[in-house]
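Here the structure is laid out as structure tokens; the discussion comes afterwards.
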């Protein structure tokens, strides 16, 4: 009976370790994409600043300002999405890590019971 329980716990442990590692990889990927976008956003901001000087000297500065504001709004919206996704992955990973800790404690208790019953 305890061998069956131990086998089930080990199977659950492997599943949780695999899923936790997968979530960590997804977190790293989201972080890399976010960092790439942050870099792109900074370069775009410099580009907009340079263009703004040109449009101030000519008509169309109002339209340029509207486009600039919309770009910043959409960029902020995207960054919020990255952050929300990152937080959701972290939360899920923590839940899997907690479940893994529970499995490890259960295995330890089961082994302790077996050890005590052998004595």
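The values are calculated or read from the model by the stated rules, or taken from the named source; none is laboratory data. The model shown is predicted, which means the values in this text are computed figures rather than measured ones. Heads up, the Cβs are rebuilt from the backbone with ideal geometry, glycines too, and the neighbour counts pull from every protein chain shown.
State all residues of the stretch 13-23 that are touching a helix residue (DSSP H, G or I) at 6+ places or on another chain (Cβ under 8 Å) and more than 14 Å from residue 108 (Cα to Cα); if no residue qualifies, say none.
16, 17, 19, 20, 23
Give all pairs with beta carbons closer than 9 Å in which a residue from the stretch 92-119 that is without any contact (Cβ under 8 Å) to a residue 40 or more places away in the chain meets a residue that is surrounded by 11 or more Cβ atoms within 10 Å (Cβ to Cβ) and outside any helix (DSSP H, G or I); count only pairs at least 6 apart in sequence or on separate chains.
Correct list of pairs: empty, since none qualify.
Can you find even one residue in the stretch 49-67 that is surrounded by 11 or more Cβ atoms within 10 Å (Cβ to Cβ), assigned to a helix (DSSP H, G or I) and either in contact (Cβ under 8 Å) with a residue 24 or more places away in the chain or within 29 Å of the chain's Cα centre (by Cα) (or both)?
Checking the stretch 49-67: not a single residue is surrounded by 11 or more Cβ atoms within 10 Å (Cβ to Cβ), assigned to a helix (DSSP H, G or I) and either in contact (Cβ under 8 Å) with a residue 24 or more places away in the chain or within 29 Å of the chain's Cα centre (by Cα) (or both).
Given the options 40, 31, name the one that is in contact (Cβ under 8 Å) with a residue 24 or more places away in the chain and part of a helix (DSSP H, G or I).
31
Residue 8: surrounded by 11 or more Cβ atoms within 10 Å (Cβ to Cβ), within 30 Å of residue 109 (Cα to Cα) and modelled with pLDDT of 95 or more, yes or no?
So residue 8 does not fit the description; no.
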